[in-house]
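Peer 1: Here it is, the structure in full.
The values are calculated or read from the model by the stated rules, or taken from the named source; none is laboratory data. What you see is a predicted model; the values in this text were computed from it and never measured. Using ideal geometry, Cβ is built from the backbone for each residue, glycine included, and neighbour counts are taken over all protein chains shown. When the accessible area is computed, the model is the full protein with side chains, heavy atoms only, and any ligands, DNA or RNA have been set aside. Shrake-Rupley method; radii C 1.70, N 1.55, O 1.52, S 1.80 Å.
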Amino acid sequence: MQAERGQHHRSVEVLASKLRRRQIVGSRTAALETLVVLRQVVSRARFSNFEQLVEIIRGVGRRLVEAQPKEHSVGNTVRKVLHHIREEYQTAVGQTGPQAGTSTSGFSISKFVLQGQPRRHVPAQKTEVKTTLKEDDPEDPDSFSKGLKPVLMEAIQDVLDELETVYDNVSKNARDHIHPDEIILTLGRSKTVETFLKTAAHNRHYTVIVAETGPSYDGREMAKSLSSAGISTFLVPDSSIFSLMSRVNKVILGAHVILANGGMFAITGSLIAATAAKAHSTPVVVCAGQFKLTPLWNLYHEYGAVDFGNPSDVLGFNEGELVNKVDVVNPYYDYVAPEFIDAYITNDGDHPPSSIYRLLKETYDDEDNEL
Amino acid sequence: MASKNAASGKEKLIDEEQEILQAVVLADSWNRRFRPLTTKKPRCLLPICNAPLLDWTFESLALAGVQEVFVICRSYSEQIKDAIKKSKWSRTGSGMKIVPIMTAKETYSAGDAMRDIYTRGLVTGDFILVQGDLVSNIQIDEVVRVHKERRKTNKDAILTMVVKEAGVQHRTRSRGDSPIFVVDSETSECLHYEPSFAFPKKQHANIPREVLAEHKEVEIRYDLIDCGIDVCSFEVPSLFQDNFDYLDMRRDFVHGVLTSDLLMKNIHVFVAKDGYAARVQDTRSYESISKDILSRWTFPLVPDDNYPGSERYQHTGGNQYVAKTHPATISRTAKIGRNTLIGSSTRIHDNAEIIGSVVGPNCTIGAGSVIENAYIFEGTTVGAECRVTRSIVGSGVEIRDGSTVERGSLIGDGVVIGPGAKLKPFERLSVPWKAPASTAGSDEDDDEDSDIEDIEASQDTVDKASLGPESNAVVWIDKPPEDDDLDSPENYNNLKYMRLGEDDVTLDVHHSDKDTESVVSEEQQLQDSSDEEDNYDDHTDAESVVSLSKDTQGGLMADKEFRSEVNQSLERAFAEGHSVDNAAVELKTLRMASNVPLIRVKEAVVAAIVEKIPVLEGAAEQRMEVNKTIARWGQLINRIGGVDPVETISLLQRHISTSARMSLFGQILAAFYQTDVVEEDDIRAWHSLSTSQGIDLPLGEERENMGKAWIVGAHMIHQLDQQSDSEEEGSDEDEESD
């Protein structure tokens, strides 16, 4: 028992330190790694009732989020797994719950806020009470976990599958969003956006303008990749975003985090592009997988949330004399408020920023918002 | 588990990929730049940005995926051991195994530590050697990969030094110890290493001629920060073992390996493009590295991210960091400036101002006090209306109301000053030393004890009124030692350049020079330094400044001695008919012993050979004699190392211009040519050198003779041209030069 706990503890610690040291970066990679660790933890976990299991998973989640609070997809993945596990648990344990739940509550505006989740929410608590009574077997405490584990693994596998196909699913309606001979502006190198544009290119002929996106200059890579896929691509300096905006039909951005208020964090420069787009009434569309949805409302109040990076990207360390005299601020992300964004394209359909909160409610359980 | 490997696999080579990555941390600094802060604890446990230096070092290594770390501790080894045991690194899942190694008190240098590593057989393969004061986010594993790759083709590449590009004036670059690296641009092999201190100031860098001759492209760099990260092959400790006089890693080991003709080992340099690495090697770099951390150059090693300490910090605008878990209590009217770190549970009272400083946990800053660019350790109390500027204040210090701590002050743990104390700049204070006080006393070596006794004995002469009525402090007096070693960076004046808060350093040393005239009196002032911007007297270390043009003039005692030794040895060789090889070995040994540049040996050999030729009457006999002598001994010139025929001709010309055998120049040169000591191309190359005409020499016989010799050379080239034109096979090249 001790050793076992140490064992999965170890894989969690390894991931935590990797996250902390920024050896794992990127929302999707982090999410995948988290899932792998969760799968290990769950497969080895010993629990005699459902609360214990949830607590184990939450504990892992807490540890990982604490290690790197800025990689939100980690927490989101844990929440998602918890949500799936609850669902599977309910179906596995007894069908009585859901009916009981819906029958008592039903939808009404007054209860809406209280209940949070309009669909299949209420049953959760009710059935839990029932089943723990039923399943918490004092003679054989392992029987519960043995019975549930295959279902749990399946639930985690579902999340994993969803993550693995996320790019394709976001892109499946690409042709509906990009029309022939349009001019699209994009920033940075978001894998989601890249796949989206390439998929659209199968059916449509259009032009992409890629801003260089300093100080990482990811845009250069993006432009290379797009033009090698046969899309007519222009690479422009960041300074010309505004002047080109009048010719642009649509701005397509990637996201790092989508907040509950419909705003998002995205690579530095996104705010400039979005503001320029607003000035020209150009639509701004954000492509992102569902795992970027984060149940936080006011992250943008936190100064450090934009992830201030290394000044050396902006000012070379070898500029010896300047280093002492200049304070360099190099945020990695911009916060783009919901009013700048027209639509989110996710693997779960297209949504306006104003309905993101609803999507969140459906994706995660309320009690997991704080891990 | 890994230490068992150490026993088994000394000879194991380095090709396995899954071999664990080892690192050795030298947790002792072997100098006293931080005293009196380090009288009761080791430097590597001093906090920087509220986390012990050693933890930053471990984190830097963890970032590189190091799996096993040996920490070599000397002073206060128990404290270091405890700290490691308590740290997060000894928990499971840290991924790094840290083994403290207690070394003997007699370990007086990095070299001794390396010898200790060798005798204990700690390392099994290539390892990373760092100092216990490193802060870095460089991907050292990348350097290790490059190093191993290189080792596959070149077994002699034993060491890769990591350096970081920075400007000459960069705040993080040490003023006191700023070496010059000569690097081959293509292979990044380090060809020459020249230590350079702020005092005595170096006017010339002496780069061996072979370096320039043998490599196509050479970079001479003075803008690098030596990060103190070395990727060593397993034979490095054994080299230390063989060369028991190596003390310093750089000045002795690197310099020694590079100048040695016998070791034939290569050292490479890795210029880190990305990332940050620097050593907290003096109080000055303590400040600059603190600032680098706060302005996020070390990202992700910053207080709000991958912070090595246990506390979590919140990052707010202007790079302010405030502890998160046990937040500080900060008065509404207090002003917190940019680049500031405030530790947990610290209280900051009304109207206090904190700018560019680090305040440790559990401190109290009184109302209206101003803390500017100061570094305050744990649990210190600063009273009301105080002023602390550019200083380091130890833990548990009490600075009572109305005191002023001027720039550059170091206040040791537990000192009480004030109320109303007025410290002078660069004042150093500590509590009185109680000899039988604690176990820490046994950790001290006698040397240091006597040092502290000295300080205490001299207290009567110090006016302590400025420390305030309630003070318990003893003052560390700043006086130059009698036996100041100018070859070491620890010399009195050089240390001034490493102090925190030293802005106008040139001026300051200039003034103090007047008091310490005796230290520097024997050094001459150079005339050619008038273009130097600074007004600081340019002293040169006579031995290290050997510019090429002055070579032949010699004039130094050591040089003369060496010359006579060479002559004696050659005479013996001539008389006893040694083989050329034996004579060459003898000369090499001689050169090692007296540590002179190669050119000196060559010069002496050329001179001796020329002088050996007897002067005869008849032209034919004369030629015979010349050919005989050169045929017998000419090859010796190339055997002593560093084949450079052009230089040989130049030396011959120089020597002969002042010799009675001036008339033989043509014949000797021809004989050299015939015995393949020099080639045709070399003669041409020599001839086209501007110095060969001797124009830059003062008027006189020497210049005239140089000119003559040059003309002889011209003739010879002319003749060689004709020869090759007509395809003659004439072997008779000496001509009407007489």
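Peer 1: What FRET efficiency, computed as 1/(1 + (r/R0)^6) with R0 = 41 Å and r the Cβ-Cβ distance, is obtained for B:Lys216 and A:Trp297, rounded to the nearest 0.05? Present the calculation step by step, with values, prior to reporting the outcome.
Peer 2: Numbers: r = 63 Å, r/R0 = 1.54.
Rounded to the nearest 0.05, the efficiency is 0.05.
Peer 1: Shifting gears a bit: Would you mind counting up the charge near B:Ser288? Only other residues with Cβ under 9 Å from its Cβ, with Lys and Arg at +1 and Asp and Glu at -1.
Peer 2: Once positives and negatives cancel, what remains is +2.
Peer 1: Among the listed pairs A:Lys80/A:Lys146; B:Lys164/B:Lys588; A:Lys80/A:Lys172, give every one whose C-alpha distance is greater than 26 Å. Could the numbers behind the result be given before it?
Peer 2: On the way: A:Lys80/A:Lys146 22 Å; B:Lys164/B:Lys588 36 Å; A:Lys80/A:Lys172 22 Å.
Correct reply: B:Lys164/B:Lys588.
Peer 1: May I ask for the Rg/Rh ratio of region B:133-187, computed from Cα atoms with Rh as the Kirkwood radius, given to two decimals?
Peer 2: On the way: Rg = 13.9 Å, Rh = 13.7 Å.
That ratio is 1.01, to two decimals.
Peer 1: Sticking with this structure for a sec: Where does the charge balance sit around A:Lys250 when Lys and Arg score +1, Asp and Glu -1, over other residues with C-beta under 15 Å from its C-beta?
Peer 2: Details: positive: A:Arg175, A:Arg204, A:Arg247, A:Lys278; negative: A:Asp176, A:Asp181, A:Glu182, A:Asp342, A:Asp350.
Computed value for this residue: -1.
Peer 1: Then there's this: As a test of the definition: with a 1.4 Å probe, what buried accessible area, both sides summed, do you compute for B against A, in Å² to the nearest 100? The partial results should precede the final answer.
Peer 2: Working: alone 32610 and 17740 Å², together 47590 Å².
By this definition, chains B and A bury close to 2800 Å².
Peer 1: What does the charge count near B:His255 come to, summing +1 for each Lys or Arg and -1 for each Asp or Glu among other residues with Cβ under 9 Å from its Cβ?
Peer 2: Numbers: positive: B:Arg250, B:Arg251; negative: B:Glu194, B:Asp248, B:Asp252.
Net charge in that neighbourhood comes out at -1.
Peer 1: What does the accessible area per residue of region A:169-368 come to in Å², with a 1.4 Å probe and no ligands, DNA or RNA counted?
Peer 2: Spelled out: the 1.4 Å probe surface of region A:169-368, per residue, equals 40 Å².
Peer 1: Compute the distance in nm between two label points, each set 7 Å from the Cα along the Cα-to-Cβ direction, one at A:Val314 and one at B:Ala660.
Peer 2: Once both label points are built, they end up 7.8 nm from each other.
Peer 1: Using alpha carbon centroids, what distance separates region B:242-317 and region A:31-94, in Å?
Peer 2: Their Cα centres are 41 Å away from one another.
Peer 1: Regarding region A:12-90, what is the average projected area of its C-alpha convex hull, in nm²? Walk me through the intermediate numbers first.
Peer 2: Working: hull surface 18.8 nm².
Answer in nm², one decimal: 4.7.
Peer 1: For B:Met102 and B:Ser188, calculate 0.36 nm times their separation in residues minus their Cα-Cα distance, and state this gained length in nm to one decimal. It would help to have the intermediate numbers written out before the result.
Peer 2: Working: separation 86, 0.36 × 86 = 30.96 nm, distance 3.57 nm.
Separation in residues times 0.36 nm, less the Cα-Cα distance, equals 27.4 nm.
Peer 1: Under a crude label model (7 Å from the Cα following the beta-carbon direction), how far is B:Asn595 from A:Arg247 in nanometres?
Peer 2: Inter-label distance under the simple model: 6.9 nm.
Peer 1: Which entries of B:Lys40/B:Lys479; A:Lys70/B:Lys291; A:Lys18/B:Lys265; B:Lys155/B:Lys612 have Cα-Cα distances beyond 31 Å here? Before the final figure, lay out each step's value.
Peer 2: On the way: B:Lys40/B:Lys479 22 Å; A:Lys70/B:Lys291 24 Å; A:Lys18/B:Lys265 37 Å; B:Lys155/B:Lys612 42 Å.
From the list (B:Lys40/B:Lys479; A:Lys70/B:Lys291; A:Lys18/B:Lys265; B:Lys155/B:Lys612), the Cα-Cα distance tops 31 Å for A:Lys18/B:Lys265; B:Lys155/B:Lys612.
Peer 1: When the C-alpha atoms of region A:169-368 are aligned to their principal axes, what extent does each axis show, in angstrom, from largest down?
Peer 2: Here the Cα extents, ordered largest to smallest, are 53, 47, 28 Å.
Peer 1: Can you compute the radius of gyration and Dmax for region A:143-286, using only the Cα atoms, both in Å?
Peer 2: Rg then Dmax for region A:143-286, in Å: 18.1, 67.
Peer 1: Please give every one of the lysines within straight-line cross-link reach of B:Lys85, meaning a C-alpha to C-alpha distance under 17 Å, and leave out same-chain neighbours fewer than 8 residues apart.
Peer 2: Straight-distance partners of B:Lys85: B:Lys41, B:Lys97.
Peer 1: Further question: Over the Cα atoms of region B:76-162, compute the convex hull volume and normalise it per residue, giving Å³. All intermediate terms of the calculation are to be shown ahead of the outcome.
Peer 2: Values: hull volume 12.1 nm³, N = 87.
Convex hull of Cα atoms, per residue: 140 Å³.
Peer 1: If you don't mind, another one. Run the Debye formula on the Cα coordinates of region B:31-182, all scatterers equal and no solvent, and tell me log10 I(q)/I(0) at q = 0.12, 0.16 1/Å.
Peer 2: Summing over Cα pairs of region B:31-182 leads to -0.61, -1.11.
Peer 1: For region B:68-120, what's the radius of gyration and Dmax over Cα atoms, in angstrom?
Peer 2: Over region B:68-120's Cα set, Rg and Dmax evaluate to 12.1, 36 Å.
Peer 1: Among the residues of region B:156-173, which ones have their accessible area go down by 10 Å² or more when all the protein chains sit together, as opposed to their chain alone (1.4 Å probe)?
Peer 2: Output list: B:Lys164, B:Glu165, B:Ala166, B:Gly167, B:Gln169, B:His170, B:Arg171.
Peer 1: Further question: Would you kindly calculate the mean projected area, averaged across all directions, of the convex hull enclosing the Cα atoms of region B:388-434, in square nanometres? Numbers along the way, then the final one.
Peer 2: Values: hull surface 11.6 nm².
Its Cα hull, projected and averaged over all orientations, spans 2.9 nm².
Peer 1: Pairs to check: A:Lys224/B:Lys273; B:Lys105/B:Lys560; A:Lys325/B:Lys148; B:Lys216/B:Lys628. Give those whose C-alpha atoms are more than 31 Å from each other in this structure. Could the numbers behind the result be given before it?
Peer 2: Working: A:Lys224/B:Lys273 24 Å; B:Lys105/B:Lys560 41 Å; A:Lys325/B:Lys148 40 Å; B:Lys216/B:Lys628 37 Å.
In this structure, B:Lys105/B:Lys560; A:Lys325/B:Lys148; B:Lys216/B:Lys628 exceed 31 Å between Cα atoms.
Peer 1: On the accessible surface of region A:169-368, probed at 1.4 Å, how many percent belong to carbon and sulfur atoms? Each step should come with its number before you reach the end.
Peer 2: Working: 4090 of 8080 Å².
Accessible surface attributable to carbon and sulfur in region A:169-368 totals 51 percent.
Peer 1: Checking buried surface per residue: for region B:86-106, which residues lose a minimum of 50 Å² accessible area in the protein assembly relative to the chain alone (1.4 Å probe)?
Peer 2: B:Gly93
Peer 1: Next question. Between B:Leu689 and A:Glu182, what's the calculated FRET efficiency when r is the beta-carbon distance and R0 is 60 Å? Round to 0.05. Write out the running numbers ahead of the final one.
Peer 2: Working: r = 70 Å, r/R0 = 1.16.
With R0 = 60 Å, the Cβ-Cβ based efficiency is 0.30.
Peer 1: Taking every alpha carbon pair in region A:142-183, what does the distance histogram look like in 5 angstrom bins from 0, in percent?
Peer 2: Percent of pairs per bin, in order: 5, 18, 14, 12, 11, 9, 9, 7, 5, 4, 3, 2, 1.
Peer 1: Distance between the C-alpha centers of region B:328-392 and region B:59-132? Whole Å please.
Peer 2: Result: 35 Å between the Cα centres.
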